[in-house]
Every structure is written in C-alpha cells, then in structure tokens.
Amino acid sequence: MSKNVEILVKRQDSPKAPSYWVEFSVPYEEGMNVISLLQGIRRDPKDKSGKSVTPVTWESSCLEEVCGACTMVINGKVRQACTALVDQLEQPIKLEPMSKFPVERDLRVNRQRIFDNLKKVNAWVEVDGYHDLGPGPRQNPDDQTTTYKYSECMSCGCCMEVCPQFTKDNDFIGAAVLGQARLFNMHPTGEMQMPKRLDKVTDKGGIQDCGLAQQCVKACPKHIPLVEAIGQLQRDITVNKVFGSLKK
C-alpha cells in the first residue's frame, strides 16, 4: 500500500486577499524534501478531497541553502524548504509564508526591504573605476576567518522573522543588514567608508532599535555571529563619535 505525506498550506491569492488553509496529500518518495512536496502538488494540483485547485506558489532557486529564496515557516520554524527533509518532519507538515514580509501569493513573500536596507548602509566595496589598480591591501588570516562567516549571509530573512523588534510596520533594518555592515567595515578597502557606513547604521531604524533579544543567532541557518557583529558595531560607533568630536 502506498504511503502519503499530509500537508497543510497557508494560502493567499493576492497581496491583499485573506489567507486560508488547504490540505494536500502527496505520494511519499524516499528522500523527499519540502520542495519536492510542493513540486508534487504542482504536478497534480488537487486538495486532499480531490478537488482541483490552483497550484501553490513558492520561490526557490539554488536548492542547496545558499540563495535563501525558499525560506518559509515549516511546522512553526522559519527555515529553508530545500533542506527540510520530510522524514524529519511531524505530519501534517504545516507550510506558511514568513510573517514579517508582505505576501505576494501563497508561500512567496517580497523581501525587497532587506535589499533596500543593504543599499542604505552601503553594504558594498566602492571602486573608482574599472582600470587595474594593482593588488589590494592584504587582510590578516584571523579577520579573513571572521569575514568569511559574515559573507555566508544569504539575506534569507530568518533572523528578521524571529526578531521581536523587526515588524512589518517599523523601520528597523534587522540583524542581517547590521552583519553585512560589519563585514564591509572589516574589509581593507571597505573600511575606508566605515565612518559614512556607521552614520547610516545609526539613522532612523538603525542599530539603536535592536533590543539584543538574540533570537537572530538561534534562527540563522548559517550560524553567523550576529550578536558579535552588533556589539562591535556599537563599539565602532562610539569610537567614531569620539574621534569625530575631537576633529571639530
């Protein structure tokens, strides 16, 4: 007798439409993850009663926990669907969109706020052209080890989903963006923009809105030391203010 996987999907037909739950039953296959469940629904879009429904909408890309596109709430925990294995999940498997970002449809959300805030804090290394400038400044191995960890951030939104300070209605930029500000402050070339970056980090919705609840560290799938980044940013801001005052 074939075995089925029971799934509950929180659906929403458009950004302003009310949400509702639909139950599905998908034939089990060994090694399934949540993405393969959703693909099974898409191949035969019928609810558990056999009624035809529109296919469920979700977002995915790399399928190896690098891009963060398939982030959703699975059985109450925010995580990537590509690494959520069916054999390790209690059934019925409940799939919901992240609650801190606007829902576009079903499980797909709009994470543009993250990318807008990355631009706000200058989370990049500025260059003055494309001509050859020769070898750049060297970075010591200890700093390379730290910055590599920060560079693993995939802007998935997990840290913001669990953060009590990050809501749909406020301006807080969130832990991931603060971690990227720290990354580029540590970069030998990016460091030249640190004073400007620190000013942006303390703008409206900046680091002062962080309550250090530390839920971000628990939720980060890459185990990025976000609390350490926030602490170092706060020290850098203090030093920047002191030296800025002395220069006046």
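Things to note:
- The mean accessible area for residues of the chain, using a 1.4 Å probe and ignoring ligands and nucleic acids, is 55 Å² per residue.
- The chain: DSSP helices with Cα axial extent of at least 18 Å and average Kyte-Doolittle hydropathy no lower than -0.5: 226-247
- Between the range 194-248 and the range 29-61, the C-alpha centres lie 42 angstrom from each other.
- Only protein heavy atoms count here; on that basis, with a 1.4 Å probe, PHE243 has an accessible area of about 120 Å².
- Sparsely packed trypsin sites (Lys or Arg not before Pro) within the range 96-138, loop by DSSP, other Cβ within 10 Å at most 15: ARG138
- Accessible area of HIS187 (1.4 Å probe, protein heavy atoms only, ligands and nucleic acids ignored): about 70 Å².
- Here the range 194-248 has 56 percent of its accessible surface on carbon and sulfur atoms, given a 1.4 Å probe and all protein chains in place.
- Qualifying GluC sites (Glu not before Pro) in the range 1-61, DSSP loop, other Cβ atoms within 10 Å at most 11: GLU30
- Vicinal HN-Hα couplings computed from phi for the range 134-139 (Karplus, 6.51 cos²θ - 1.76 cosθ + 1.60; Hz; Gly/Pro x): x, x, x, x, 8, 10
The values are calculated or read from the model by the stated rules, or taken from the named source; none is laboratory data. What you see is a predicted model, and the numbers here were worked out from it, not measured in a lab. Methodologically, a virtual Cβ is constructed for each residue, glycine included, from the backbone with ideal geometry; neighbour enumeration extends over all protein chains shown. When the accessible area is computed, the model is the full protein with side chains, heavy atoms only, and any ligands, DNA or RNA have been set aside. Shrake-Rupley method; radii C 1.70, N 1.55, O 1.52, S 1.80 Å.
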